[in-house]
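A.B. asks: What follows is a single structure, and I will ask about it in a moment.
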Amino acid sequence: VSDTLSISDTAAAAIEERAADWLQRRRYWKEWSDADQNALDAWLAESMNHAVAFWRLESTLDRVERLSSLRPLRQQRPITASSKRLPWATLRLAAVGAFAFVGVAGYFVWHSPAEPVSQLYSTGFGGRATVQLTDGSNIELNTNTVIRADVRAGKRYVSIERGEAFFDIVHNAKSPFVVDVDGHRITDLGTKFSVRDEPGRVEVKLLEGRASIASVRPDAQGHAAVLTPGDVAIATANSLSVEQRPKPTLVKELSWRHGLIVFDGASLSDVAAELNRYSREKIVVDGDEARRLTIDASVPTDDVRAFTRVAREVFGLHVQDRGNEIVISR
Amino acid sequence: MRDIAAWFVREVLPLEPLLTQYLQRNWHNPSDIVDLRQEVYARLCTSAQKQFPEDTQRFVIITARNLLIDRLRSARAIPLERSADVAALDVASDVPGPDRIAIARDELRRLQAALDELPTRCREAMVLAHIEGLSGHEIAQRMNISPRMVSSHLNNGLRLLANMMYGNDFHEGKGKP
């Protein structure tokens, strides 16, 4: 009797349609304003039928999201819930709780249209994944990241569409490994480095080996640099700067590879900005006094909300949950 | 309201196959099921605002039964054979509860199977949104369709996935590989 793929045409169905419309506008289109949120809140308050239809679809979306961030991709070996604990990562805030490592138990292949050559790898908010390429190189993806990889005989090419990735590249003199990101090209000769793509800015941190970075955008002013261990390159459309950082600092900055975001004397506003990369719910810090607070903390990448609990319970800050926004104030 | 929402998602939604099955068994018109189900949910949550029930499953079935009785009273023509059933409903022993552990274990497979069941264009939009992380506008470009069509695909995708992930279709073996 029941037909899975029919959407019925009733009063309840009309409400559900409206709920789906709110949800997908908030989730998939980048045009959600405070006015929209207020309108949604008003619609939800109007009737419990509205609310239950919305909650039902919202939790479906949450499940889809949660499962997609657990998704190991094609060609990928499962990530083991490893015991790679960081020696320096003392958990200064006990309330943050146990280290939550992302362990991928299930194997899950999405049926996307056939892609003969380049493979697409991605993670959702708070997600993390390791991709093992056929040449033995490894790429670790941080939160909210999309890359394309084209690795075959005589060619090793990756483009970063968004997010952050750590590369551990197997040396092959005949075939340099090329990474393109936002108009910049990184060419490496057997190295370990990370690339982070942000609006208008690319950051490359080199841990081991040697690599070059150059602009490949035809209209940009040509710039290029050779990176050695400890170098951090910051490239924009028109500039390239390189600075040295001590290796322990770099390792700490890359602690997302082990499922942690580590803050060492960071301001609360910087903490919020960093944590917001890992979650669709955004933390907003209200008031200059609160913004300037200095924080030492280690936060699991897949449970950013742990931080808001600590902010309330340990730092005694006001935490107000507004659904897709969490406001922290003094 | 947030604790009601959390309770609803955690305690009530997993019972959707049970509730749907109950309604299907005891109501004469299959096209009313979606309406009835939503009304049961609304009544449950309204009541939970005052107090959370101790036994959610029992409460869900009692609420459903009361709703069916209300509907029968207000209906102009009562289908005789069904109304007799409703009056005699045995709440406690009617249907077994879902196997929650199995549901958790099968969740990935369910989602995979649910996606496979979606209409092609609808699935394409959902995959682009969730796997490639594209925005609505980017999906429109990629699929070469209007933003309005993208909205419609995503709307339908979400609603169909909800039906398949919470509904009882999987208990009937539908969509399994």
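The values are calculated or read from the model by the stated rules, or taken from the named source; none is laboratory data. Just so you know, these numbers come straight off a predicted model, no measurement behind them. Here the Cβ positions follow ideal geometry from the backbone for every residue, glycine too, while neighbour counts run over all protein chains shown. Ligands, DNA and RNA are stripped out before the accessible areas are found, and what is left, the full protein with its side chains, is counted by its heavy atoms. Shrake-Rupley method; radii C 1.70, N 1.55, O 1.52, S 1.80 Å.
A.B. asks: Restricting to region A:116-158, name every residue that is of a type in the set (Gly, Ala, Ser) and assigned to a strand (DSSP E or B).
C.D. replies: Answer for region A:116-158, where residues must be of a type in the set (Gly, Ala, Ser) and assigned to a strand (DSSP E or B): A:SER122, A:ALA129, A:ALA149.
A.B. asks: So which pairs qualify, if the first residue must be in region B:24-52 and without any contact (Cβ under 8 Å) to a residue 12 or more places away in the chain, the second must be open to solvent by less than 20 Å² (accessible area, probe 1.4 Å) and in a helix (DSSP H, G or I), the Cβ gap must be under 7 Å, and the two must be at least 6 apart or on different chains?
C.D. replies: Correct list of pairs: B:GLN24/B:ILE33; B:VAL34/A:ALA12; B:VAL34/A:ALA13; B:ASP35/A:ALA12; B:GLN38/A:ALA12; B:GLN38/A:VAL52; B:GLN38/A:ALA53; B:ALA42/A:VAL52.
A.B. asks: Under the condition of being outside any helix (DSSP H, G or I) and charged (D, E, K, R), which residue from region A:260-293 is most open to solvent (accessible area, probe 1.4 Å)?
C.D. replies: The selected residue is A:ARG292.
A.B. asks: Follow-up. Which one is nearest to the chain's Cα centre (by Cα), of the residues in region B:112-132 that are part of a loop (DSSP other than H, G, I, E, B) and surrounded by fewer than 21 Cβ atoms within 10 Å (Cβ to Cβ)?
C.D. replies: Restricting to residues being part of a loop (DSSP other than H, G, I, E, B) and surrounded by fewer than 21 Cβ atoms within 10 Å (Cβ to Cβ), the top hit is B:PRO119.
A.B. asks: List every residue pair whose Cβ atoms lie under 6 Å apart, where the two residues are 6 or more positions apart in sequence or sit on different chains, the first residue falls within region B:137-160 and is facing another protein chain (nearest Cβ under 8 Å), and the second residue, located anywhere, is polar (S, T, N, Q).
C.D. replies: If the second residue must be polar (S, T, N, Q), the pairs left are B:LEU154/A:GLN24; B:ASN155/A:GLN24.
A.B. asks: Could you tell me which numbered condition A:VAL216 fails, if it satisfies all but one of (1) closer than 20 Å to A:ASN138 by Cβ; (2) touching a Gly at 6+ places or on another chain (Cβ under 8 Å); (3) open to solvent by 50 Å² or more (accessible area, probe 1.4 Å)?
C.D. replies: Against the list (1) closer than 20 Å to A:ASN138 by Cβ; (2) touching a Gly at 6+ places or on another chain (Cβ under 8 Å); (3) open to solvent by 50 Å² or more (accessible area, probe 1.4 Å), A:VAL216 comes up short only on (1).
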